[in-house]
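FYI, it's all coordinate maths here, none of it is from the lab. If you're wondering where the values come from, they're calculated on a predicted model, not measured in any experiment.
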Amino acid sequence: MRTRWLTGWAGVVAVQLAASLGCSNDSRQGTAHLRGRVTIGGQPIPADADARIIVRPTQLDQPSASAAVIENGRYDLPDAPKGKVQVSFTIQRPTGRMGVPADGGRPQPEYESLVPEDRAGGQEIQVEGDNLDLSFDL
């Protein structure tokens, strides 16, 4: 009977502790929900491309970086850091050729980057809050 009481008491303490420490609705504090389209020169991203958007903080006191897959030219990033951020893209498409690694390993598919050279370094933007219509043309 004593063991049952300790287990029950420990369970109550654990629930109260979790409620007071980690179960707050402020888990998104410091982040914003970003969503939008990505095009290249006004044209859709090719369907065979692997595309991602990456949002990195520019200051140490901001939340960590966040990334999302771009599907059908659209991205949805629910946890982008607020403040001044660096937005960059990786968009790669297979060339259809196989490359042989310098170490003589197994041939791997070759990819080409579709991000224009002048946009390869990304761009800085200011994220104030949620923006569900934030589009980028590379």
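Skipping prolines and chain starts, which residues have an amide H placed within reach, meaning under 5 Å, of the one on LEU138, given they are 5 or more residues away or on another chain?
THR39, ILE40, GLY41, GLY42
Provide Rg and Dmax in Å for region 65-138, with only Cα atoms included in the calculation.
16.2, 49
Which ³J(HN,Hα) values in Hz, rounded to whole numbers, follow from the phi angles of region 96-112 under the Karplus curve 6.51 cos²θ - 1.76 cosθ + 1.60, where θ = phi - 60° and Gly and Pro get x?
x, 9, 10, x, 9, x, 4, 7, x, x, 5, x, 10, x, 8, 10, 10
Work out how much length ARG97 to ARG37 would gain on full extension: take 0.36 nm times their residue separation and subtract the Cα-Cα distance, in nm to one decimal.
Gain in length upon complete extension: 18.7 nm.
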